[in-house]
Each structure stands twice: as C-alpha cells, then as structure tokens.
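Worksheet: the structure to be examined is printed underneath.
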Amino acid sequence: MEDFIFYIYEFSASFILFLITMRLFHHIHKKQKLQISKSYSILMMLFACYLIGVYHFTGAGTIYEAITFQLEIREDSINLIPFSNDIVAYLLNIVLLIPLGIFVPILWEKASRWSAVAGIGFLFSVFIEITQLINNRQTDIDDVILNTSGAIIGFIIYKICSPALNQKFQQNSVTVTELPTYILILFAGRFLLFNEMGLAKLLYHF
C-alpha cells in the first residue's frame, strides 16, 4: 500500500503541472483558431505519462535531493568512455527512448524527420543525464548514445506504421516549440513537488 502511495504522489507531482500547462496551450490554440482533436489530446496525456515514467526509471533528481547531496559531483560521477557497460544496460537504454521516437512525429508534424527526432532524442538524453547529477547518480556517455539510437529506432517504427497512426491520431499543426515546454514542466513538477524522503518520514515516523 505504501508503494502505491509513493507512485501516486510521484505521478501527481508532475501530472498536475502538466494539465495546467496543457490547458493554457489549449487556450492559445483556440485564440489561434487551431482545432485540436480529442485523439490528439489523449495521445498528449499518454506522452506525459511516458515522460513521467522516464523520469522515474532514470531517477531524475529533485530539489530535496539537491539539498541533501549539496550538488556534490564526484570524480566517478561522469563516465565519458563509450561502450563500457553490460549488454542489459545497453538494451534498456535503447528501449527507453523508442516511444519518444514514435510519439514526437505523431504529436508534432513538423518534427516528422529522422534528423529532428534524433536531435530531440539526443538533447532529451543529455537533459536526463544532467538531472541525475542532482542526486549523485552517474552520468554516462553510453546512455546518451543508446538513448539517441532508441529514438531513431522509434522513428523507424513510426515510419513503418505512419499511415495507420496518422489516420487514428489526426495530426495538428502545433508548433514543435511546445515539446521542450512539456518536458521541462513535467520535470519541474517532480523537481519541486516530489519529496520522497519527506513522505517516507510521514508514513514511517522516523
């Protein structure tokens, strides 16, 4: 039961700010007379859930962890030597960003090129690695390489399935500049509102 409470708290910390931001963008879209389909909105919320999952899986840092660890960066916190991990870590890092390579070109038509998806995958991976330094986790060049590869694989899957996907989820001419806003807002919710140790103290009275 306690684990469920932690997961709900972690999810809500990011998703509440996302919903507020999404509502603001919908207001802007209406003023621009841009019609947003219901399927597009549903897919956007699924995309938000995916990003929250990525932040959970990678252990993106919070302000409370930054205070605890005092942003200490050890010498072994950054690995710049490529391909120094095991095969399981390689596979997990590739799989992690495959959904990104599928979501992005569906949600943002102007990013439906492999180069755009590769660039977004690379920048997002670098962003994740930076957030891991906040809570004293290791930042690894392998993760960036493999995450970017995963995004490209996801884009290839999108291209193979694009006729069916674009028919089911109607594309809208939404500017791709909204993408970094959603990525940052979802992280900001976790960073500012998710105090894992604070909840643990409340639940377990220590």
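The values are calculated or read from the model by the stated rules, or taken from the named source; none is laboratory data. What you see is a predicted model; the values in this text were computed from it and never measured. With ideal geometry, Cβ positions are generated from the backbone for all residues, glycine too; neighbour counts draw on all protein chains shown.
Values computed for the structure shown
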{"quantity": "Inter-residue pairs, beta-carbon under 6 Å, first under 11 Å from GLY59 (Cα atoms) and in region 134-147, second small (Gly, Ala, Ser) and modelled with pLDDT of 80 or more, 6+ apart", "calculated": "ILE134/GLY61; ILE134/ALA66; ASN135/GLY61; ARG137/GLY59"}
{"quantity": "Per-region count, region 120-142, residues modelled with pLDDT of 90 or more and either of a type in the set (Gly, Ala, Ser) or closer than 13 Å to ALA89 by Cα (or both)", "calculated": "2"}
{"quantity": "Whichever residue in region 13-35 is within 16 Å of THR177 (Cβ to Cβ) and among the aliphatic types (A, V, I, L, M) and, among such residues, is farthest from the chain's Cα centre (by Cα)", "calculated": "LEU34"}
{"quantity": "Residue selected from region 4-38 under the condition of a type in the set (Phe, Trp, Tyr) and closer than 19 Å to LEU192 by Cα, by the criterion modelled with the lowest pLDDT", "calculated": "PHE6"}
{"quantity": "Residue check for ILE106: part of a helix (DSSP H, G or I), in contact with a helix residue (DSSP H, G or I) (Cβ under 6 Å, 6 or more places away or on another chain) and at pLDDT 95 or above", "calculated": "no"}
{"quantity": "Any hit, region 164-176, residues being at pLDDT below 80 and out of contact with any helix residue (DSSP H, G or I) (no Cβ under 8 Å at 6 or more places or on another chain)", "calculated": "yes"}
{"quantity": "Residue in region 134-142 that is of a type in the set (Asp, Glu) and more than 25 Å from PHE191 (Cα to Cα) present", "calculated": "no"}
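One line per residue, one yes/no per condition, for (1) at pLDDT 75 or above; (2) part of a loop (DSSP other than H, G, I, E, B); (3) within 12 Å of ARG137 (Cα to Cα):
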{"position": "SER41", "(1), (2), (3)": "yes, no, no"}
{"position": "PHE57", "(1), (2), (3)": "yes, no, no"}
{"position": "ALA60", "(1), (2), (3)": "yes, yes, yes"}
{"position": "PRO82", "(1), (2), (3)": "no, yes, no"}
{"position": "VAL88", "(1), (2), (3)": "yes, no, no"}
